[in-house]
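The values are calculated or read from the model by the stated rules, or taken from the named source; none is laboratory data. All of these numbers come straight from a predicted model, not from anything done at the bench. Cβ placement follows ideal geometry from the backbone for every residue including glycine, while neighbour counts extend to all protein chains displayed. These area figures cover heavy atoms from the full protein model, side chains too; ligands, DNA and RNA do not enter into them. Shrake-Rupley method; radii C 1.70, N 1.55, O 1.52, S 1.80 Å.
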Amino acid sequence: SAYAKFMISQGTLWGNDAVSGVSANIPSFIDQPGYRYYLASMMLIVGDENRLLQLLNLFVYLSTLLLLLSKIDQNSKTSGRWICIFLVASLPYAASNILEGLSEWFAVSLFCLSVYTALQNWKFLAIICLALLPVVRQNLILFAFCYAIILIVLEPDSKRRLLYAISFILITLLPVYHNLFYAGEWQLISSNKGNMIPWDQSFDHIVKAFTEIIIRKLPQYIGYY
């Protein structure tokens, strides 16, 4: 929110983490970079962060889910039923996520759009949505990369395969361009790593840290926080 408001007030694309970041005074990205730009765009449309913005975000999320559900194979009743159950069960968390102004819901929407457009054979749009996924949530970069490889390999035209690969890489590297321009640093991943598992510690310490993180996050995942 602070990042988006700063960009609007100053008329800049600078991530401004040096101003809004927590205990940091560096111009490169500290937090997840992508969502602030979506939020700033929406705030320019509706005027500010308000209930209308939240309702629009809920509409965006539900629309992407419905698009994805419309492509489920009707003949595959078992898998279709489980997909519907999963998506419906996730709605309380998604609503909580949107109302809190977090970014995970937007990443899920991009994923749903990438699957829908791929099934529609609009693969270039699917690649764009997929490439934006790790820009919004950088911990999904490996997942997006693997999914992109599948889409590229399934494309029979060699020229299009090359186009998809180059487009995916160029869009995924958007944080690098920002950090290079504003901070003079070749940096892709934001410095705020969130909850990291201490893999270099003893097994008991790893299990304890993992359990503490799960217990702390569980109320959010079930939609009650």
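Packing, as the average of other Cβ atoms within 10 Å across residues, places the peptides 100-112, 135-147 in the order 100-112, 135-147, highest first. For His205, the solvent-accessible surface computed with a 1.4 Å probe is close to 90 Å², ligands and nucleic acids excluded. Build a GNM of the chain with springs between Cα atoms under 10 Å apart, and of Asn192, Asn16, Asn179 the one that fluctuates most is Asn192. Taking Rh as the Kirkwood radius computed over C-alpha pairs, what is the Stokes-Einstein D of the stretch 36-118 at 10 °C in a medium of viscosity 1.306 mPa s, expressed in µm² per second? Taking Rh from Cα pairs, D becomes 116 µm²/s.
Per the Debye formula on identical point scatterers at the alpha carbon atoms of the chain, with no solvent, log10 I(q)/I(0) at q = 0.08, 0.11 Å⁻¹ is -0.35, -0.67. The calculated FRET efficiency for the pair Ile83 and Phe143, based on their C-beta separation and a Förster distance of 22 Å, comes to about 0.80.
Among 118-124, 90-96, sorting by the average number of other beta carbon atoms lying within 10 angstrom of each residue, highest first, gives 90-96, 118-124. Kirkwood's formula applied to the C-alpha pairs of the stretch 95-138 gives a hydrodynamic radius of 10.7 angstrom.
Can you pull the semi-axes for the stretch 116-225, root of five times each eigenvalue of the Cα gyration tensor, sorted largest first, whole Å?
33, 20, 14
Local charge for Leu39 was computed over the other residues whose Cβ lies under 10 Å away, with Lys and Arg +1 and Asp and Glu -1, and equals +1.
Here the accessible area of the stretch 120-225 is 69 percent carbon and sulfur, with a 1.4 angstrom probe and all protein chains present.
With one equal scatterer per alpha carbon and no solvent term, the Debye-computed log10 I(q)/I(0) for the stretch 61-178 at 0.09, 0.10, 0.14, 0.19 1/Å reads -0.27, -0.33, -0.64, -1.07. With a Cα cut-off of under 25 Å and a minimum spacing of 8 residues unless on different chains, the lysine pairs in the chain number 6. Calculated mean residue ellipticity at 222 nm for the chain: -22000 deg cm²/dmol, from DSSP H runs with n ≥ 4 weighted as -39500 (n - 2.57), summed, divided by the residue count and rounded to 500. Between Ser202 and Leu180, the simple label model (points 7 Å from Cα in the Cβ direction) yields a spacing of 4.6 nm. 3J(HN,Hα) along the stretch 162-167: 5, 4, 4, 5, 5, 4 Hz, from the Karplus curve 6.51 cos²θ - 1.76 cosθ + 1.60 with θ = phi - 60°, whole Hz, x for Gly and Pro. Extension gain for the segment Leu162 to Ile222, taken as residue separation times 0.36 nm less the Cα-Cα distance, is 17.5 nm to one decimal. Per-residue 3J(HN,Hα) values for the stretch 94-102, derived from phi via the Karplus relation 6.51 cos²θ - 1.76 cosθ + 1.60 with θ = phi - 60°, read 4, 4, 4, 4, 5, 5, 7, x, 8 Hz in sequence order (x marks Gly and Pro).
Considering only Asn57, Asn16, Leu162, and ranking their Cα positions along the charge dipole of the chain that arises from unit charges at the beta-carbon of Lys, Arg, Asp and Glu, the one farthest toward the positive end is Leu162.
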